[in-house]
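Input: a single structure, listed below in C-alpha cells.
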Amino acid sequence: MQKRLLGGLVLSLVLILAVLGALLLDRNPTPEDADPLQRVLAEYGVQLDLAAQVDSITELPGHTTILARSGSDRLRIAITTDLDPADAPTRVAEVLAVIDNLFGDRQAPYPGQLSNTLRCPDEYKPRSLPRGPWAEAVIGLYANDRLAFGGCSEDLLRYHATVGIFYDPATRRLFQVEYFARLDDDEDRGPEVVASFSRTEDRP
C-alpha cells in the first residue's frame, strides 16, 4: 500500500515538474523560436509588424514588461491590466506628464552669472507624431544607452525613441510601446513600427 502511495506521489511530482517546465519555457522564448515576439503578443490579443527576439518578460500584479531586440534596435512594451475605461484618460495623461517633466527647467547646481536655471534645448524635447485611430498618443524623443529618457545633450544619447500609448477598453489593458533605434543607424524605423501596433481582431 505504501509503495503504491509513494509511486503515485512520485508520478504526480513528475507531472507537476513537467507542466512547470513547459510554462517556464513558454515565458522565456528560445533563440530557435521562429517568431517569439508575435507569440507573446498574441497572448494579449495584439500584434506588431516586427520580427524580434524576446529578451525578458517581467510580470508583476497588474503590470507586465516585455523587452525585445531586432538587430541593434530595442523594443519595450509595458502592459497595464485591469484598467477601468473611466480611468484610462487619467492614466494616459499621467504617463505623458512623467515624460514631459523629465525635460522641465531645473535649478543649476552651481548657479552662474547669466542664469540659475538649466534648460533643455528644444531639439531634445518630446514632440508629437502622427497617430492612428487606436493610439492615445505617439511621441518622438531620445534615450540613453540604458533606454532612459531625459537626456538633453548629444553625448548622453544613443537612441531615437518612439513611444506609442494604446488603450483597449474591451480587455481593459493599456499598452505603452517604446521602440529604440540607434542614432548611428541610417534609418529610424520607430514611427513605422509603433504605427503597426494593432489588435489582432482588427487585422484582415
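Where a number appears in this text, it was derived from the coordinates with a stated rule and is not lab data. The shown structure was predicted, so the numbers you read here are calculated from the model rather than taken from an experiment. Cβ: placed from backbone, ideal geometry, glycine included. Neighbour counts: every protein chain shown.
If you plug the beta carbon distance of Leu102 and Thr65 into 1/(1 + (r/R0)^6) with R0 = 25 Å, you get a FRET efficiency near 0.85. Each residue of the stretch 53-196 gets 138 Å³ once the volume of the Cα convex hull is shared out per residue.
Take 51-63, 151-163 and order them by the average number of nearby Cβ atoms within 10 Å per residue, most first; the result is 151-163, 51-63. Here the label points at Ser56 and Glu94, each 7 Å from Cα along the C-beta direction, are separated by 2.4 nm in the simple model. Compared with the alpha-carbon gap, the fully stretched path from Arg172 to Arg119 is longer by 15.3 nm at 0.36 nm per residue.
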